[in-house]
Amino acid sequence: MIITKLKRTIKSGVISFWRNGSVSLASVLILAVTLTVISMVLFSGVVLSSTLETIKNKVDIDVYFVNGATEDSMLAFANDVKKNTDIAEVKYISRDQAYKDFRERHKDEEATLQALNEIGENPLPASINVKAKDPNSYSSIVEFLKLKQKNLGENNIIEKINYTEKNKQAIDSLNRIINASNKLGILIAIFFAIVSILITFNTIRLAIYIFREEISVMRLVGASEVYIKAPFVTVGILYGLVSAIVTTIILLPITHYAGNWTEKLGTGINLFNYYQSNLAIIILALVVAGALLGSISSFLAIKKYLKV
């Protein structure tokens, strides 16, 4: 019995959806615009978060050793530094490795390589590269390293501790931008969701008016409220499902165009690749969001204007 009623409800909703083609088209388009805007807001958040992670990974502290320091003393210092709980990674770079890396970075700069060859010997010092678990910890780590250097006294093997406070300032600034954009994005998403609900709400009212005689007959024969309302809610869900499919198609060229752009800007992410790799989850989210927006619009319209 329940399955039969469900089939009738779905059939009635589908018929109503196709019969009111212009009304359905308007509802689908406004919901598709809403879902597209919400998706772009979420994508912006993904890009900004990826950019922040990229910047965080580039921020580090370099500790350069004097050329006369033995490898054992430098490794012992590196192992001692690793004990700091704020430090995520300590990487030792020998003089030979530094020389090799330098030549690789400047392989296309003939003048630089020629100048390096003229020097004859390796002028680059050994060093350790220090990365923090939290970017906010870099200042305290620098103080920690300076204290270590001071405690070495006459056996000091450190030539220079290289870190700029501008790195932390850049991260803090980007954090503030991300927080502000997330808040703005939520407001924009809410605004478009309300607009889409209001427009769909009015289209459902129109559908109720068109079927007013059928509804009157259903009331006279004793149909329940649920049975009368269900087809209209089904129509709202169909609006959402179709708009989710339309939105998925719309996002393909948008993310394809934006993909190369985001990658070239050094954000650490290609938006098109992200869209493709998360397509199943994105489609599911769009379908759920569209169905909710459509069904809520339908339910509100029926609840207020359908007197049964």
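The values are calculated or read from the model by the stated rules, or taken from the named source; none is laboratory data. None of these values were measured; they are calculated from a predicted model. Glycine also receives a Cβ, built like all others from the backbone with ideal geometry; neighbour counts cover every protein chain displayed.
Structure above, values below:
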read-out: Counted residues, region 127-156 - those being assigned to a strand (DSSP E or B) and without any contact (Cβ under 8 Å) to a residue 24 or more places away in the chain; value: 0
read-out: Filtered residues of region 49-63 (kept if among the aliphatic types (A, V, I, L, M) and at pLDDT below 80); value: Leu52, Ile55, Val59
read-out: Flag for Leu306 being at pLDDT below 75, surrounded by fewer than 20 Cβ atoms within 10 Å (Cβ to Cβ) and closer than 21 Å to Val28 by Cα; value: no
read-out: Any pair with Cβ under 7 angstrom, 6 or more apart, that starts in region 54-79 at a residue that is over 13 Å from Pro125 (Cβ atoms) and ends at one that is among the small types (Gly, Ala, Ser); value: Thr54/Gly266; Thr54/Gly268; Ile55/Ala170
read-out: Selection count, region 259-280, where residues are crowded, with 20+ Cβ neighbours inside 10 Å, part of a helix (DSSP H, G or I) and in contact (Cβ under 8 Å) with a residue 24 or more places away in the chain; value: 3
read-out: Any hit, region 15-33, residues being of a type outside the set (S, T, N, Q), assigned by TED's automatic domain parsing to the domain that holds Leu279, modelled with pLDDT under 80 and touching a Pro at 6+ places or on another chain (Cβ under 8 Å); value: no
read-out: Residue match in region 182-197 (condition: in the same structural domain as Leu286 (by TED's automatic domain parsing), at pLDDT below 70 and within 30 Å of Ser139 (Cα to Cα)); value: no
read-out: Hits in region 23-49 - residues which are among the small types (Gly, Ala, Ser) and more than 14 Å from Ala180 (Cα to Cα); value: Ser24, Ala26, Ser27, Ala32, Ser39
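Results for (1) over 29 Å from Ile177 (Cα atoms); (2) out of contact with any Leu (no Cβ under 7 Å at 6 or more places or on another chain); (3) of a type in the set (Ser, Thr, Tyr), shown as yes or no for each residue.
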site	(1), (2), (3)
Asn67	yes, yes, no
Asn84	yes, yes, no
Ala98	yes, no, no
Ala126	yes, yes, no
Pro135	no, yes, no
Ser140	no, yes, yes
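Quick grid of which residues meet (1) modelled with pLDDT of 90 or more; (2) among the small types (Gly, Ala, Ser):
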| position | (1), (2) |
| --- | --- |
| Lys91 | yes, no |
| Arg103 | no, no |
| Ser127 | yes, yes |
| Lys133 | no, no |
